Amino acid sequence: MKNILVTGSVGQIGSELTLELRKRYGSDHVVAGIRKTLPEGELKESGPYEVADATDPEQITAVVKKYKIDTIFHLAAILSAVAEKYPQRGWDVGVNGLYNVLEIAREYNCALFFPSSIGAFGPTTPRDNTPQDTIQRPNTMYGVTKVTGELLCDYYYKRFGVDTRGLRYPGIISNVTLPGGGTTDYAVEIFYDAVKHGKYVCPLSKGTFLDMMYMPDAIEAAILLMEADPSRLKHRNAFNVTAMSFDPEILASAIKKHLPGFEMTYDVDPDKQAIADSWPNSMDDSAAREEWGWNPRYDLDSMTTDMIEKIRIKHEKGLY
Ligand code: SER
C-alpha cells in the first residue's frame, strides 16, 4: 500500500480509518474521497481530499490517475435502516458504486478493501456461532447489496486477479463520527445519552443479541487484512469478524458500572427490530483468526470504559 484512496471518508469508519492510514503510510499518500463537501477539521487539514462519488466512475478514475492510487478502501455505503427506506438508492450506492470501483481497480491494478456486514446474513442463517461459510438469504436491501458485493469481489479476484479483500463487520461502536442510519446505531447513541442525560430510550428489544466491535479494532482489522500475506488467505473476502456480542440489557449493565444512575427504557422501532431479528446473535470468526491473525483488543468492559471517558470529554467541552 503506497497510495491509498478512501471512499466514504467522512463516514463513521472512513473518518477514523483515513487518519490512521495517514499516520502509518504518510499524510500525502492517503486521499480522503468525499461525495460533496468536507467539513473543517483534522481530515481536511491533514492530507489531500477529492470529490470521489462511487456512483460516478469518472470522478474515481480521475483521482486514481492523479495520485497513482494502488489501494482503495471502498467505504462509501448506505447503512441498513436507510437502505430499507430507500432501496433503490441502497442498490445504486451498494452495488453500482462497488461495480464502478471494481472496474477501476481492474483497469488500474489497485487492491480493494470491501466492508461486508452481519447484514449479509438472513433469517435462515444459523443464529449462534454463525459459520464463515453458511446460508446467506438476507431479506433487506442492505443485505442483498452486501451479498452481491461479496460475490462480485470474489469474482473479480478469480476472473481478473484483482486483489480484493474484505470483512463482515458487526456493529461498530465509536466516539468520533456518528453512524448514519444503521440498525446497530443504538450501541453508539446509548453512550451519548447516558453521559448527557443519564437515560436512554432503546429502539431494539431486550434479548436482541448482535455482534459488535470497538472502532480501534475495526480499523486494525482492515489494515491487518490488507497487509496479510496473500498466500495464507483461503477466503480473501467477507471474513466474519467480531469482538463481542450483547443485548441492550447487558450493554446497559456495563454502562451502569460507570454511571450508577443510568436508566434505560424501551420504545421498539419495528423496522429496526425486524432487521436485527434477521441477523446473527454471534458469529464464528475463527477463519479470520487463522488466516490473518485477527485478535481484537477490546471487549465489552474495556470498550465501555474508553467510550465513557471519551464522550465525557466531548460533553464537558460542549461538543454535543
Ligand atoms: N452497522 C450496520 C448497520 O446497522 C451493520 O453492518 O447497518
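Descriptive notes on the structure:
- Centre-to-centre separation between the Cα atoms of segment 251-320 and those of segment 198-217: 5 Å.
- Within the chain, DSSP assigns beta bridges of which about 10% are antiparallel (rounded to the nearest 5).
- Cleavage-rule hits (trypsin sites (Lys or Arg not before Pro)) in segment 265-317: DSSP loop, at most 15 neighbouring Cβ within 10 angstrom: Arg297, Lys317
- Rg/Rg_globular for segment 52-174, with Rg_globular taken as 2.2 N^0.38 Å and Rg from C-alpha atoms: 1.07
- Dimensionless Rg ratio for segment 155-304, taking C-alpha atoms and the 2.2 N^0.38 Å reference: 1.15
- Accessible surface, segment 149-207, averaged per residue in Å² (probe 1.4 Å): 37 Å²
- Space enclosed by the convex hull of the alpha-carbon atoms of segment 243-282, per residue, Å³: 72 Å³
- Full extension of the chain between His197 and Leu319 yields a length gain of 42.5 nm, computed as 0.36 nm times the residue separation minus the alpha carbon distance.
- Of all DSSP beta bridges confined to segment 152-298, the antiparallel ones make up roughly 25%.
- Of the GluC sites (Glu not before Pro) found in segment 10-43, those that fall in a DSSP loop while having at most 14 other beta-carbon atoms within 10 Å are Glu40.
- Surface analysis of segment 42-81 yields an accessible area of 46 Å² per residue, using protein heavy atoms and a 1.4 Å probe.
- For Val31, distant residues with modelled amide H under 5 Å away: Ile4, Leu5, Val6
- Inter-probe distance in nm under a simple model that places probes 7 Å from Cα toward Cβ, at Lys310 and Asp133: 3.6 nm
- Of all the options Thr125, Thr305, Thr55, the one that moves most in a Gaussian network model of the chain with Cα springs shorter than 10 angstrom is Thr305.
- With the convex hull drawn around the C-alpha atoms of segment 208-294, the volume per residue stands at 111 Å³.
- Our coupling estimate for segment 101-109, obtained by passing each phi through the Karplus curve with A = 6.51, B = -1.76, C = 1.60 and θ = phi - 60°, is 5, 4, 4, 5, 4, 5, 5, 9, 6 Hz, Gly and Pro reported as x.
- Just so you know, the Rg over Rh for the chain is 0.95, from Cα atoms, with Rh as the Kirkwood radius.
- Of the cross-linked pairs Lys196/Lys314; Lys2/Lys23; Lys272/Lys310; Lys206/Lys310; Lys256/Lys317; Lys2/Lys68, those separated by over 18 Å at the C-alpha level are Lys272/Lys310; Lys206/Lys310; Lys256/Lys317.
- The chain, helix-only ellipticity at 222 nm - DSSP H runs n ≥ 4, -39,500 (n - 2.57), divided by all residues, nearest 500: -13000 deg cm²/dmol
- Choice from Pro248, Pro270, Pro131 showing the highest fluctuation, given a GNM over the chain with Cα pairs closer than 10 Å: Pro270
- FRET efficiency estimate (nearest 0.05) - Cβ-Cβ, Thr124 to Arg89, R0 22 angstrom: 0.25
- Amide H contacts under 5 Å for Asp163, placed H, 5+ residues apart: Leu112
- For segment 57-94, trypsin sites (Lys or Arg not before Pro) are listed when DSSP marks them as loop and at most 11 other Cβ atoms sit within 10 Å of their Cβ; the list is Lys68.
- What segment 270-320 shows is 51 Å² of accessible area per residue, with the surface traced by a 1.4 Å probe over protein heavy atoms.
- Note: segment 195-246, Cα convex hull, 115 Å³ per residue.
- Average projected area [Cα convex hull, segment 87-145], square nanometres: 4.6 nm²
- Sulfur and carbon atoms: percent of accessible area, the chain [1.4 Å]: 50 percent
- If you run the Gaussian network model on the chain, springs between alpha carbon atoms under 10 Å, then out of Leu112, Leu75, Leu178 the most flexible one is Leu178.
The values are calculated or read from the model by the stated rules, or taken from the named source; none is laboratory data. All values derive from a computational prediction rather than experimental measurement. A quick note on method: Cβ atoms are made from the backbone with ideal geometry, for glycine too, and the neighbour counts reach across all protein chains shown. Remember, those area values only see protein heavy atoms, side chains included, never the ligands or the DNA or RNA. Shrake-Rupley method; radii C 1.70, N 1.55, O 1.52, S 1.80 Å.
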